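Worksheet for the structure shown next.
Read-outs throughout are calculated quantities, based only on the coordinates presented, and are distinct from any laboratory measurement. Please read these numbers as outputs of a predicted model, since none were measured by experiment. When we count neighbours, we look across all protein chains shown, and the Cβ atoms used for this are built from the backbone with ideal geometry, even at glycine.
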Amino acid sequence: MTRIVPSLLAACISLAALATRSTAANYPDPLQLTGDFVYVHDPSLIQRASDGKYFLFTSHNKAGIITADNLAGPWTEVGSILPDDSVIDLPGRDDIWAPDVSFHNGQYYAYYAVSVSGSQNSAIGLATSPTMEPGTWTDKGQVFRTQTGDPYNAIDPNLIIDENGVPLLTFGSYWGDIYQFNLANDFQTMASSPVQVAHNSTPPSPVEGSFVWKHDDFYYLFTSSGQCCSFDPNNLPPPGNEYKVFVGRSSSAHGPFLDQNGVDMVDNGGTLVIASHGDVFAPGGEGVFTDSKSGKDIFVYHYLHSQGSIAYLEANASLGLNAIDWSSGWPVLTSI
Ligand SMILES: *[C@@H]1O[C@H](CO)[C@@H](O)[C@H](O)[C@H]1NC(C)=O
């Protein structure tokens, strides 16, 4: 995620450019959850292979770890991936963003971002663990780094294994939006140059939080677009300029990812998956996992509230969970 000063956003994001990509939809409510956690941002949710326990990871709290035995909870905050901060020597090393956790070769891999609001002085790092429990994570350090002037920003990493078995990292960006590069067999060394796979040409190109998921014959690229954070309840952006989630699909994990109208996501394409509705405001930071208990694919996201005393406050962002109906070949959210 990236926070940009609201005045810049207001001046730069054209509502029209984003609205052409949306269609009206009735969204199901997120699953009702119980637990002692009050904050989730940029969630990553997976089940432990050994026992099916649910592990949820979030931005901030040193990459917080929240666990549950059932999807509806109770959820419990148990610790952090990096309680002693990242070894990457950059501002933000004590405030990790957007952990992305997946299981390969008997280990859990957590890619994470080190950055601060509005900066391209950023890095993607890697930590690994055999169990995901607090205290078991080894910080492997930097995978990739960017600086001011680069066409992209090293934030919001997501790992997928491509159709040839090669680990592929999707990341970005706000600046230049979403890019991908191959990793070597160590899952850490860059093995190709970044290639752009999604772009919104409306400055400041507010696309980030990408996630690639394979279903049947397609790889689906999900992105979050719009203002994620720092909302002033008394001065909200024009409706539709806040976070929402788009998708495109491709027969390759490397794209090109086309939306339902055949428009490439590098050319402003994207089919809307979820946008603000009811009490759900600015949903994004999304991911997908297959729930081994129900067999369903679950769409995982955060959202702010639009009602009550916590309306529009990032400090009260919640975990959103819905099931995915793939029967049309496109992800349609349903109740769990
Ligand atoms: C909102 O967030 C604040 C700050 O973390 C917390 O103290 C408060 O309990 C939260 N309120 C709700 C209703 O979750």
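Between A72 and N26, what length comes free when the chain is fully extended (0.36 nm per residue of separation minus the Cα-Cα distance, one decimal in nm)?
Between A72 and N26, full extension yields 14.3 nm more.
Can you list residues whose amide H is under 5 Å from S276's amide H, if they're 5+ apart or on another chain and H is modeled 1.01 Å from N?
Those lying under 5 Å, H to H, from S276 are A282.
For K140, which sequence-distant residues (separation of 5 or more, or a different chain) have an amide H within less than 5 Å of its own amide H, given hydrogens modelled in the peptide plane?
Under 5 Å from the amide H of K140 lie the amide H atoms of L126, A127, T128, each far enough along the sequence or on another chain.
Using amide H atoms built in the peptide plane, which far-off residues or other-chain residues are under 5 Å from A311 H to H?
For A311, no residues qualify.
Using θ = phi - 60° and the Karplus curve 6.51 cos²θ - 1.76 cosθ + 1.60, what whole-Hz ³J(HN,Hα) does each residue of region 190-203 get, with Gly and Pro shown as x?
Ordered by residue, 3J(HN,Hα) equals 5, 10, 7, 7, x, 10, 6, 10, 8, 7, 10, 6, 7, x Hz.
Tell me, what HN-Hα J-couplings in whole Hz come from the Karplus equation 6.51 cos²θ - 1.76 cosθ + 1.60 at θ = phi - 60° for each residue of region 214-228, using x for Gly and Pro?
Rounded to whole hertz, the list is 9, 9, 6, 8, 10, 9, 10, 9, 9, 9, 9, 10, x, 7, 7.
Which value at 222 nm does the chain reach when only helices count, each DSSP H run of 4 or more adding -39,500 (n - 2.57), with the total divided by all residues and rounded to the nearest 500 deg cm²/dmol?
About -1000 deg cm²/dmol.
Apply the Karplus parameterisation 6.51 cos²θ - 1.76 cosθ + 1.60, with θ equal to phi minus 60°, to every residue of region 59-75 and state each ³J(HN,Hα) to the nearest whole Hz, in sequence, with x for glycine and proline.
Computed from phi, the couplings for region 59-75 are 4, 6, 6, 6, 6, x, 10, 10, 10, 7, 8, 10, 4, 7, x, x, 8 Hz.
Quick one: Debye curve from the alpha-carbon atoms of region 6-334 only, equal weights, vacuum; give me log10 I(q)/I(0) at q = 0.07 Å⁻¹ to two decimals.
-0.24
Number of Lys-Lys pairs in the chain under 19 Å by Cα, sequence gap 8 or more or different chains?
For the chain, qualifying lysine pairs total 4.
Please give me the summed charge of the neighbours of D177: other residues whose Cβ is under 12 Å from its Cβ, Lys and Arg +1, Asp and Glu -1.
-3
Pick out, from H60, Y174, V332, the residue whose Cα sits farthest towards the positive end of the charge dipole of region 6-334, with +1 on the Cβ of Lys and Arg and -1 on the Cβ of Asp and Glu.
With unit charges placed on the Cβ atoms, the residue in question is V332.
Would you calculate the separation in nanometres between label points at S292 and S327, each defined as 7 Å from the Cα along the Cα-to-beta-carbon direction?
About 2.8 nm separates the two model spin labels.
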